[in-house]
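Everything on this sheet refers to the single structure shown next.
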Amino acid sequence: MRKIEENIFYRVYIAYLNKDYPATFVSCLYITFIYMFLLAPIYGFCIDLLKGLDKNIIKFLYIIYVVIILILIFKKYYNKVTLQAILNGNRNNKQYLPNWCYFLILPVCMIFGIGLYILITIQVLQRFNLEGYLYSLL
């Protein structure tokens, strides 16, 4: 998984570098959004278990979720040693997919993450009546 992530980062980095955009920043945001949507079912499941909490607390938990992912990704890729290792490691790789395929990964992750969240909500939470279960234990 790590190699796939680094390959996606590299291809997005090169595409934005050719367009004279801040490539490292935009590539980090791209990877962050991929992770946010892939982890959305877990976050949504936890929030549904806590249903009944104040809306401001739910918003605060979402902000924490986003900030943690942002910090982890930016900490990894803004390290110059790591960035150079990724760039040097992928420079000689043959490009099997065109760039537009790499930019389809985010919409696919959106569909997968939201679809899995809907399935978890319908098949697990509603079937076993778990909405707000942790909140009722508090």
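The values are calculated or read from the model by the stated rules, or taken from the named source; none is laboratory data. Only a predicted model underlies this, so the values are computations on that prediction, with no experimental measurement involved. FYI the Cβ positions are ideal-geometry reconstructions off the backbone, even for glycines, and counts take in every protein chain you see.
The criterion of being surrounded by 13 or more Cβ atoms within 10 Å (Cβ to Cβ) and free of Cβ contacts under 8 Å to residues at least 24 places away in the same chain holds for Leu17.
Could you give me the residue pairs with C-beta distances under 6 Å whose first residue belongs to segment 92-103 and is within 14 Å of Phe9 (Cα to Cα), whose second residue is among the basic types (Lys, Arg) and not in a loop (DSSP other than H, G, I, E, B) wherever it lies, and which are 6+ apart or on separate chains? Hits for this filter: Tyr102/Arg11. Going through (1) closer than 30 Å to Leu119 by Cβ; (2) acidic (Asp, Glu); (3) surrounded by fewer than 17 Cβ atoms within 10 Å (Cβ to Cβ) one by one, Glu6 falls short only on (3).
State yes or no: is Lys51 basic (Lys, Arg) and in contact with a Gly (Cβ under 6 Å, 6 or more places away or on another chain)? Before you say what the answer is, go through the steps one by one.
Details: basic (Lys, Arg): yes; in contact with a Gly (Cβ under 6 Å, 6 or more places away or on another chain): yes.
Considered against the rule, which asks whether it is basic (Lys, Arg) and in contact with a Gly (Cβ under 6 Å, 6 or more places away or on another chain), Lys51 comes out as yes.
Going by the conditions given, is Ile34 under 30 Å from Glu131 (Cα atoms), modelled with pLDDT of 95 or more and not basic (Lys, Arg)? Criteria met by Ile34. Just one of the listed residues (Ile4, Ile86, Ile8) is modelled with pLDDT under 95 and over 17 Å from the mean Cα position of the chain (by Cα), and it is Ile86.
Restricting attention to segment 86-138, which residues are surrounded by 15 or more Cβ atoms within 10 Å (Cβ to Cβ) and hydroxyl-bearing (Ser, Thr, Tyr)? Residues satisfying the conditions are Tyr102, Tyr117, Thr121, Tyr133.
For (1) within 16 Å of Ile8 (Cβ to Cβ); (2) modelled with pLDDT of 95 or more, each residue gets a yes or a no:
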site: Ile64; (1), (2): no, yes
site: Leu106; (1), (2): yes, yes
site: Val124; (1), (2): no, no
site: Arg127; (1), (2): no, no
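With respect to Lys75, determine if the residue is in a helix (DSSP H, G or I), at pLDDT 95 or above and charged (D, E, K, R). It is true that Lys75 is in a helix (DSSP H, G or I), at pLDDT 95 or above and charged (D, E, K, R). One residue alone among Ile111, Ile120, Ile64 is assigned to a helix (DSSP H, G or I) and either touching a residue at least 40 places away in the same chain (Cβ under 8 Å) or of a type in the set (D, E, K, R) (or both), and that residue is Ile120.
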